[in-house]
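Data first, discussion second: the structure below is written as structure tokens.
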Amino acid sequence: MSQEKKDIDPRNSLLPLMESFYTIQGEGFHAGKAAYFVRLAGCDVGCSWCDVKESWNKDAYDEVEINTLLERARRSKSRIVVITGGEPLMYELSDLTRLFKENGFKTHLETSGAYPVSGAWDWFCLSPKKFNPPLPEAFTLASELKIIVYNHHDFQWAEKMLNQVNQACKLYLQPEWSRSGLMLPKIIEYVKNNPHWEISLQVHKFMDIP
Ligand code: SF4
């Protein structure tokens, strides 16, 4: 007997969209895999080095039906959808992830963890930010902890965050792109001395793809 499908709550059927595109995941555990990206607009976390500052103002973008997002993603050959931002957890995402999962997608999230978690996630990438640290539930759910290393203090920050994630969580240090020349050699040394960490590079930027 087929399961009855729940209706989409009209309050959650529209989301502010900065862009959506089919590309190769460039970071973390799933780097190198084709995936459809949905970048929601809106973020108030305020990272000084943010490379998508144009995403911060959600009012600069149209709201898009989640069915439209699904239809776009279905035109790709991948069945991984990555929901990113901005800060996607500013929105109630349960209907979005249910819709994608009902249609055979794996749902991946990229979040700072600063907002309450909604949605059902096959992969939960937690990238905590000092300016607005994660809520406890984000640590519990994290499949991957990705620390952006901008300066020396970020190594201490990384260890503090590490103490809060679950045992199975993958651990990545990723140089902030504009400081990569300075920080990557230090990250390499740090990982050699602390091999529970791995290095994540933004390989999509080396490939010059979105
Ligand atoms: S959480 Fe992400 S989108 Fe928001 S300011 Fe920080 S890097 Fe930018």
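The values are calculated or read from the model by the stated rules, or taken from the named source; none is laboratory data. Just so it is clear, the structure is predicted and the values come from calculations on it, not from any experiment. Glycine gets a Cβ as well: all are built from the backbone with ideal geometry, and neighbour counts include every protein chain shown. The area values use the complete protein model at the heavy-atom level, side chains included, leaving out ligands, DNA and RNA. Shrake-Rupley method; radii C 1.70, N 1.55, O 1.52, S 1.80 Å.
Is it the case that PRO88 is within 14 Å of the ligand (Cβ to nearest atom), open to solvent by less than 20 Å² (accessible area, probe 1.4 Å) and over 15 Å from the mean Cα position of the chain (by Cα)?
Answer is no for this residue.
Residues to consider are SER55, SER20, SER94, SER76; find the one that is in contact with a Cys (Cβ under 7 Å, 6 or more places away or on another chain) and at pLDDT 95 or above.
Sole residue among the options that is in contact with a Cys (Cβ under 7 Å, 6 or more places away or on another chain) and at pLDDT 95 or above: SER55.
When only residues in region 10-58 that are β-branched (Val, Ile, Thr) and open to solvent by 20 Å² or more (accessible area, probe 1.4 Å) count, which is farthest from the ligand (Cβ to nearest atom)?
ILE24
If a residue must be under 20 Å from VAL165 (Cα atoms) and either free of Cβ contacts under 8 Å to residues at least 60 places away in the same chain or surrounded by fewer than 17 Cβ atoms within 10 Å (Cβ to Cβ) (or both), how many such residues does region 185-202 contain?
The total comes to 8.
Going residue by residue through region 96-113, is there one that turns out to be open to solvent by 10 Å² or more (accessible area, probe 1.4 Å) and under 30 Å from ARG179 (Cβ atoms)?
Yes, region 96-113 contains at least one residue that is open to solvent by 10 Å² or more (accessible area, probe 1.4 Å) and under 30 Å from ARG179 (Cβ atoms).
Applying the selection to region 181-195, what residues are over 22 Å from ASP51 (Cβ atoms) and in contact with a strand residue (DSSP E or B) (Cβ under 6 Å, 6 or more places away or on another chain)?
VAL191
Looking only at region 184-198, which residues are within 16 Å of GLU159 (Cβ to Cβ) and not charged (D, E, K, R)?
Within region 184-198, ILE187, TYR190, VAL191, ASN193, ASN194, PRO195, HIS196, TRP197 meet the criteria.
Which condition breaks for SER118 when tested against (1) buried (at least 20 other Cβ atoms within 10 Å of the Cβ); (2) in contact with an Asp or Glu (Cβ under 9 Å, 6 or more places away or on another chain); (3) polar (S, T, N, Q)?
Checking SER118 against (1) buried (at least 20 other Cβ atoms within 10 Å of the Cβ); (2) in contact with an Asp or Glu (Cβ under 9 Å, 6 or more places away or on another chain); (3) polar (S, T, N, Q), the one that fails is (1).
Output the number of residues of region 161-175 satisfying the condition of being crowded, with 23+ Cβ neighbours inside 10 Å and part of a loop (DSSP other than H, G, I, E, B).
So the answer is 0.
With the structure loaded, tell me whether PRO210 is part of a loop (DSSP other than H, G, I, E, B), open to solvent by 80 Å² or more (accessible area, probe 1.4 Å) and over 22 Å from GLY26 (Cβ atoms) or whether it fails that test.
no
For the structure I just gave you, tell me whether LEU145 is closer than 17 Å to LEU93 by Cβ and of a type in the set (A, V, I, L, M, F, W, C).
no
Please state which one of VAL191, VAL203 is farther than 18 Å from LYS130 by Cα and at pLDDT below 95.
VAL203
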